[in-house]
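The values are calculated or read from the model by the stated rules, or taken from the named source; none is laboratory data. Keep in mind that this is a model prediction, so the values were computed, not measured. Reconstructed Cβ throughout: ideal geometry from the backbone, glycine too, with neighbour counts over all protein chains shown.
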Amino acid sequence: MKWIMVGIIVGSTVLADLLQSFEMKRNVVEVDDLRPGRIGRLLGEFARRGPLVLAVCFMAISFFAFMKLLSIADLSFAVPVTAASVVLETVLARLLLKETVSPMRWAGAFCVACGVALLAV
């Protein structure tokens, strides 16, 4: 059961981060006026951005799955193993978002993958 929760957490976190990054790069909305009337309109603009709303939903799924994981596994397992999202995000940022990933970042993702593999043993 705990590995199912880990899969849900990692998958939803990765999807949320990718959708958020995609949407923020696609069309930037500048926040330069924080008066109360403007904040409402700004939130309305964000609500009309489908991928951003979907990203928030995936973040909520990740959060509640993490709470469930903490109820069935130790914190010393839950926090490190969910870092697997870093590995997937690095690979998908390169493949889907066409971002440049430095060798140092690849090395970091590899180290995280090794750590997660050690937890799985």
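Can you tell me which condition residue 110 does not meet? The list is (1) at pLDDT 95 or above; (2) on the phi > 0 side of the Ramachandran plot, and all the others hold.
(2)
Here is a list: 19, 43, 69. Which entry is of a type outside the set (Phe, Trp, Tyr) and in contact with a Pro (Cβ under 7 Å, 6 or more places away or on another chain)?
Sole residue among the options that is of a type outside the set (Phe, Trp, Tyr) and in contact with a Pro (Cβ under 7 Å, 6 or more places away or on another chain): 19.
Test each condition in (1) surrounded by 14 or more Cβ atoms within 10 Å (Cβ to Cβ); (2) in contact (Cβ under 8 Å) with a residue 24 or more places away in the chain; (3) of a type outside the set (Lys, Arg) for residue 96 and report the one that comes out false.
(1)
Where residues in segment 66-84 are within 15 Å of residue 14 (Cα to Cα) and either touching a Leu at 6+ places or on another chain (Cβ under 8 Å) or modelled with pLDDT of 95 or more (or both), which of them is surrounded by the most Cβ atoms within 10 Å (Cβ to Cβ)?
So the first thing to find is which residues in segment 66-84 are within 15 Å of residue 14 (Cα to Cα), and the list is 66, 81-84.
Okay, now just the ones that are also either touching a Leu at 6+ places or on another chain (Cβ under 8 Å) or modelled with pLDDT of 95 or more (or both), so 66, 81-82.
On the way: 66: 19, 81: 22, 82: 19.
Looking at residues that are within 15 Å of residue 14 (Cα to Cα) and either touching a Leu at 6+ places or on another chain (Cβ under 8 Å) or modelled with pLDDT of 95 or more (or both), I get 81.
Can you name the number of the only condition in (1) of a type outside the set (A, V, I, L, M); (2) surrounded by fewer than 12 Cβ atoms within 10 Å (Cβ to Cβ); (3) at pLDDT 90 or above that residue 48 fails?
(3)
Give me the residue from segment 1-43 that is among the small types (Gly, Ala, Ser) and farther than 15 Å from residue 83 by Cβ and, out of that set, modelled with the lowest pLDDT.
Pass one, segment 1-43, residues among the small types (Gly, Ala, Ser): 7, 11-12, 16, 21, 37, 40.
Going one step further and asking which of them are farther than 15 Å from residue 83 by Cβ, we end up with 16, 21, 37, 40.
Details: 16: 96, 21: 90, 37: 74, 40: 78.
Ranking the candidates gives 37 first.
Is it fair to say residue 113 is in contact (Cβ under 8 Å) with a residue 40 or more places away in the chain and part of a helix (DSSP H, G or I)?
Working: in contact (Cβ under 8 Å) with a residue 40 or more places away in the chain: no; part of a helix (DSSP H, G or I): yes.
No, not satisfied.
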